[in-house]
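The values are calculated or read from the model by the stated rules, or taken from the named source; none is laboratory data. Note that this is a predicted model, so its numbers are computed, not measured. Glycine also receives a Cβ, built like all others from the backbone with ideal geometry; neighbour counts cover every protein chain displayed.
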Amino acid sequence: MVKYVVFIKNDDSKLIAKAITKGSVTHSFIQEMKQNRFRKHNVEVDAENEKDAINKINENNKGYLNSLSAFSGNVFFYCAGIIVILIIITLKYFYNS
């Protein structure tokens, strides 16, 4: 397997990804990609070819987004529960005094 570096570009509501072997990435190549509005993805991937590398990045991103949405959903319900409890305590305090 070969290690790939992935470059991503958002262009007109579509995502363009290019995977380049790590050995062929130089400072001048990165500058050229930046001029073409690509940014380097923070994860390097071991893959057989460019298409496989892009698929692995997509799978990684889907897993990350799924866990992030589950976490944010849980945090929302915990915060909502705490707020409801605080409102009830406050109302009891003012009406029982």
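For the condition under 14 Å from residue 3 (Cβ atoms), surrounded by fewer than 14 Cβ atoms within 10 Å (Cβ to Cβ) and touching a residue at least 40 places away in the same chain (Cβ under 8 Å), what is the one hit in 48, 44? When all the criteria are applied, what remains is 48. Can residue 6 be described as under 16 Å from the mean Cα position of the chain (by Cα), surrounded by fewer than 16 Cβ atoms within 10 Å (Cβ to Cβ) and β-branched (Val, Ile, Thr)? Criteria not met by residue 6. Can you name every residue in the stretch 22-77 that is acidic (Asp, Glu) and more than 19 Å from residue 8 (Cβ to Cβ)? Result: 48, single match.
Could you list, in sequence order, the residues of the stretch 47-97 that are of a type in the set (Lys, Arg) and in contact with a strand residue (DSSP E or B) (Cβ under 9 Å, 6 or more places away or on another chain)?
Within the stretch 47-97, 51, 56 qualify.
The set of residues in the stretch 67-97 that are among the polar types (S, T, N, Q) and either over 22 Å from residue 44 (Cβ atoms) or at pLDDT 80 or above (or both) comprises 69, 72, 74, 90, 96, 97.
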